[in-house]
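Below you'll find the structure, written out as structure tokens, and then a few comments.
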Amino acid sequence: MPTLMLTTKCPNSCDWCFAKSIMQDYQSKSISEIKWEDFLSVVEFFKQSGKKNIILLGGEPTLHSKFMDILTYLNKENFTVSVATNGITDRSLIDKVAASNFQSLRFGLNSTSYFHYDQATQKKVDYFLSTIRMPILLSYTISEKDINDPKPEPILDRAYLIMRYSLSSHIQFQIAVPSSSNKCFIPFSRYREVFSLLNKWNTILKRNNITSGLDCHSFPKCALPPDDKLKNPLYFKCANFMIDIGPNLDVWPCFPLSDHKVNLADFKNLAQIQEHFKTKLSNSLVYDKSCSKCGEKRNCDGGCFGFSKTRNELAKQK
């Protein structure tokens with residue numbers, strides 16, 4: 001599903017944040033949020049592309065000065081809207097959203113840092129969770145910290161939140177991926193540990209009637225354990241691009257590849273943008289020289305281009 005970055009502001013500063021570098025870049029150009037007229041042009045572009053669903057991102061999208069106007073307009077245009085938020089939002093805005101009764105609106109709340117917030121911040125998120133009556137789905141970003149200290153508490157804690165606030169019985173996992181300034185992303189060499197951890201966590205979730213999903217990531221097949229039992233879909237080719245649109249109408253295939261920007265005005269629809277990135281980025285990707293000896297080469301790109309790019313950048317720095 002295409003995403004639109006409404007703001008470059010966020011009350012958090014997570015070590016694993018893949019959007020941090022691009023937010024800092026926009027802020028250095030005094031771009032803090034998308035202009036209203038640019039938002040309208042994005043909506044028209046989506047309609048021309050035959051798309052009536054959109055994910056609103058940030059930073060923290062609820063910090064946009066016209067956030068309620070944006071929701072109202074998308075509701076009027078019969079869009080299905082998902083807002084990716086951390087829930088650290090003013091009560092007055094939460095009250096307005098709760099009273100709006102917008103159709104086809106849901107929230108994805110990244111709960112990764114929730115149990116580490118101070119009391120005041122946690123209360124803000126609690127108010128969001130207890131007041132918003134639209135569907136709320138929890139997400140959790142698995143970082144290298146989780147595989148360094150594997151334990152069940154992250155899942156037990158989120159099962160508690162789901163039950164306490166009657167949230168959607170589903171957790172969407174994300175795997176921390178590299179960008180130019182984040183930390184704690186998980187290197188490919190440790191992906192087998194990720195699968196082992198997810199299998200243990202999914203056992204706990206299943207006992208509590210909670211399902212799980214895994215955001216789009218591309219893995220090398222050699223990272224899969226021989227006895228893998230993970231039921232989530234996995235991708236082995238770096239071509240399933242989300243398409244992210246920035247506040248100045250830059251477009252890139254995914255945040256780890258945000259330096260491969262194009263401009264929205266240069267394309268007629270989203271399908272053209274998808275094809276552009278697929279052609280430009282996914283024809284000759286391998287992770288390293290060992291891929292040339294692998295019998296799976298035709299079925300595997302060796303993992304996501306973001307990892308390959310970051311590995312090469314780190315090698316140049318040594």
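Between residue 118 and residue 242, the modelled label-to-label distance comes to 2.9 nm, taking each label 7 Å out from Cα in the direction of the beta carbon. Taking the Cα centre of the chain as reference, the dipole from Cβ charges on Lys and Arg (+1) and Asp and Glu (-1) amounts to some 700 debye. Segment 20-61 and segment 145-220 have Cα centres spaced 28 Å apart.
Its Cα gyration tensor gives segment 1-85 an equivalent ellipsoid; the semi-axes, largest first and in whole Å, are 23, 13, 12.
Over all directions, how big on average is the projection of the convex hull of the alpha-carbon atoms in segment 75-121, in square nanometres?
About 3.8 nm², averaged over all directions.
Computed per residue of the chain from DSSP H runs no shorter than four, each worth -39500 (n - 2.57), the mean residue ellipticity at 222 nm is -11000 deg cm²/dmol.
Assuming R0 = 41 Å, what is the FRET efficiency of residue 41 and residue 259, from their Cβ-Cβ distance, to the nearest 0.05? Plugging the Cβ-Cβ distance into 1/(1 + (r/R0)^6) gives 0.95. In the chain, the DSSP beta bridges split such that about 15 percent are antiparallel, to the nearest 5. Two tests apply to each whole DSSP H helix in the chain, Cα reach of 15 Å or more along its axis and mean Kyte-Doolittle hydropathy of at least -0.5, and the ones passing both are 36-48, 153-165, 191-207, 270-281.
Just so you know, all these numbers are worked out from the coordinates, no wet-lab data involved. Predicted, not measured: the structure shown is a model, and the values here were computed from it. Here the Cβ is made from the backbone with ideal geometry for all residues, glycine too, and neighbour counts use every protein chain on show.
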